[in-house]
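Derivation of every value follows stated rules applied to the coordinates shown; laboratory data play no part. This one's a predicted model, so the numbers in the text were calculated from it and none came from an experiment. When we count neighbours, we look across all protein chains shown, and the Cβ atoms used for this are built from the backbone with ideal geometry, even at glycine.
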Ligand SMILES: Nc1ncnc2c1ncn2[C@@H]1O[C@H](COP(=O)(O)OP(=O)(O)OP(=O)(O)O)[C@@H](O)[C@H]1O
Ligand SMILES: [Mg+2]
């Protein structure tokens, strides 16, 4: 029995289906992200776990107890919102102590716990400030402390960093993960930022149009996407239109140049059209992958300097391929118009026929 | 030339606020012949004037409190309370009309329902309940009920947007932390709304204090125990007993009371808004 169990959950709003066939088991202390594009049902699912929405079907169990019909104030959850949602009329200390106050804990205990939480978020000197006197990042740390103060069973975060600027987002992300590990609290983290999901999570639930596309660790989801959607949503992907040359030998043609896929194309026939996907960081120009590697020739069309890496776009007839090279101050990056030969191993090709359905 | 844009505003303030107020102040200290005097101010201590002030303050405070409370509850029902949208549209539309429904039409509407021969009075009588003489529409409570009729809608109109602006996140954050609905209102909802509630109640107080036509139509203007605006009307009217100097002094008294009300309100509001 897992700590959190979401069984066959479905949610409809009138005629429209927001979430369907949602199945998830999370262990105590696990950090799970819901990742997907806008409107895919992440928030709706999280709100069902919190108790703000009632599932149209299915069950939610926390620590073995069926919570499907339990109101939110009886679920012992800590929730962090994108908008911080601190109570503007209370000081930082009163915000953090709110959960214990409404639970009728003794004053001394509340004070001690608030101090402890202020230490945890590195803001002990801010106890007497009001939310309006804090920066966005500080407000969100207070919101995190408030959610954790009453020792909830579950920590639920809905895009907690989306309203913050890039630098703070990065540091707060690490802080959230550190605190979560320290308290070993089961956490669900909603985001549409794949980098955030990758860097934080034990497991990622990739969602699209109200359904789960794949559940897996970051390494698994990134390197072995099970559907075309996951492949293209997680990370950057080159998707090349191709035509089957020899299904049994796994050979296809991309813009008149033949490449190998390293495995037979199941159910494919010569002349059939499909798409081949390759990650930009797998491709390297010129010799790197050895003589057996696939080769595609083209000319450099665009060079984007991204700091640590340089992303290069190469034109191959009708399609274009991106590849990444590490920045090297002693080596000039490719230039517009250069003719290059791109190499990548056959096994790194992903074949996309269509999005898989459950 | 930046100040040019403010000229209409300043002109308005001077013409409709400062000039009349200054004229009231000055003329409170002039006698019928235009000589400087303190007699008008001294005359304010006459028992019938003092009791009129007390009467008016009580009437305004009671109707502001009752109107404020019921208006708040109604505004809550159509916003956070989740009444269907037709109820909301209906109540807001009605409030827009009723908050402006004062003066003689309102008085006659009440006379026709709660007057001695009014519809409701007669209907209750038929059921064996006689309102009169225990109640009279022309008494303090009669006047209060009539005033509440425009006080409640005004409160609804001002509080509904304030309640709409309450963020759902606050409520959900509180619930997630284990708060009951009552605890949410006690610790979060009401404290956040308090400045708006206080401000609107001050407005209701002033609204009742300055009302004239409704009271005039109900009491006929003759009664001794009456609202201040009627006394002022009597003093500046053209009949022989009138004393415009005293009328101005009465108006000055109203200005003083309204100033105290506004001062009290700003002080309370600052207290309730420490966190802003
Ligand atoms: N209260 C509601 N009434 C009707 N439809 C709703 C309601 N809440 C959500 N939906 C719909 O359900 C679907 C999923 O919404 P949800 O908010 O869960 O998406 P999301 O994945 O959180 O998106 P985002 O990244 O934009 O926050 C959307 O199509 C949305 O329009
Ligand atoms: Mg969302």
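Cut-off is 10 Å between beta-carbons; in what order do B:275, B:182 appear when sorted fewest neighbours first? Spell out each step's value before the answer.
Details: B:275 16, B:182 10.
Arranged by neighbour count, lowest to highest, B:275, B:182 become B:182, B:275.
Mind checking the mean number of beta-carbon atoms from other chains within 10 Å of the Cβ atoms in B:166-173? Intermediate results must be reported in sequence, preceding the final value.
Values: counts 0, 4, 4, 9, 7, 2, 8, 15.
Counting other chains' Cβ atoms within 10 Å and averaging over B:166-173 gives 6.
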For q = 0.05, 0.06, 0.07 Å⁻¹, what log10 I(q)/I(0) does the protein assembly as shown give under the Debye formula with an equal point scatterer on each alpha carbon and no solvent?
-> -0.43, -0.57, -0.71
Sorted largest first, the Cα spans of the range A:73-225 on the principal axes come out in Å as 52, 33, 27
Fewest-first ranking of A:125, A:258, A:159, using other Cβ atoms within 10 Å as the exposure measure = A:125, A:258, A:159
Between 0 and 90°, nearest 10: helix A:107-120 axis offset from chain A longest Cα axis = 20 degrees
Partner chain Cβ atoms within 10 Å, averaged over the residues of A:70-81 - can you pull that number for me?
-> 4
Working out 0.36 nm times the residue gap between residue B:18 and residue B:42, then minus their Cα-Cα distance, what length gain in nm do you get to one decimal?
-> 6.2 nm
Go ahead and set up a Gaussian network model of chain A, Cα springs under 10 Å, then flag whichever of A:306, A:316, A:120 fluctuates most.
-> A:306
Expressed as a whole number of Å, what is the distance separating the alpha-carbon centroids of the range A:245-303 and the range B:172-216?
-> 69 Å
What is the log10 of I(q)/I(0) for chain A, computed with the Debye formula using one identical point scatterer on each Cα and no solvent, at q = 0.06 Å⁻¹?
-> -0.31
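With the cut-off at 1.5 for a/c, could you classify the range B:120-259 from its C-alpha gyration tensor as rounded, prolate or oblate? Can you show the working numbers first?
Details: a/c = 4.03, a/b = 1.66, b/c = 2.43.
Cα axes put the range B:120-259 in the oblate bin.
Highest mean first, what order results for A:165-172, B:52-59 on Cβ atoms within 10 Å?
Values: A:165-172: 13.6, B:52-59: 18.1.
Result, highest mean first: B:52-59, A:165-172.
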With a/c under 1.5 counting as rounded, go ahead and sort the range B:7-146 into rounded, prolate or oblate using the C-alpha gyration tensor (a ≥ b ≥ c being the square roots of the eigenvalues; past the cut-off, prolate if a/b is larger than b/c, else oblate).
-> oblate
At 0.36 nm per residue, minus the direct Cα-Cα distance, what do residue A:336 and residue A:195 gain on full extension? Give it in nm, one decimal, please.
-> 47.8 nm
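Run lengths n ≥ 4 of DSSP H only: what is the helix-derived mean residue ellipticity at 222 nm for chain B, with -39500 (n - 2.57) per run over all residues, to the nearest 500? Walk me through the numbers before you get to the answer.
On the way: 14 runs with 191 residues, N = 276.
That comes out to -22000 deg cm²/dmol.
Given the peptides B:78-85, A:47-54, arrange them by the average over their residues of other C-beta atoms within 10 Å, most packed first. Don't skip to the answer; put the middle values down first.
Working: B:78-85: 14.2, A:47-54: 20.8.
Listed from highest to lowest mean packing, they are A:47-54, B:78-85.
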What does chain B give for Rg and for Dmax, in Å, if only its C-alpha atoms count?
-> 22.4, 74
Counting only other chains, what is the mean number of Cβ atoms within 10 angstrom of the Cβ of each residue in peptide B:152-162?
-> 0
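State the antiparallel share, in %, of DSSP beta bridges confined to the protein assembly as shown, rounding to the nearest 5. Each step should come with its number before you reach the end.
Details: 58 of 76 bridges.
The answer is about 75 percent antiparallel.
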Solution diffusion estimate, µm²/s, Stokes-Einstein, the range B:81-153, Kirkwood Rh from C-alpha pairs, 20 °C, viscosity 1.002 mPa s | 157 µm²/s
Highest-MSF residue in chain B out of B:50, B:228, B:66 [GNM, Cα springs under 10 Å] = B:50
Indicate, rounded to the nearest 5 percent, the antiparallel portion of the DSSP beta bridges found entirely in chain A.
-> 75 percent
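Just order A:17-24, B:244-251 by mean Cβ neighbour count inside 10 Å, highest at the front, would you?
On the way: A:17-24: 19.4, B:244-251: 22.2.
The most tightly packed comes first, giving B:244-251, A:17-24.
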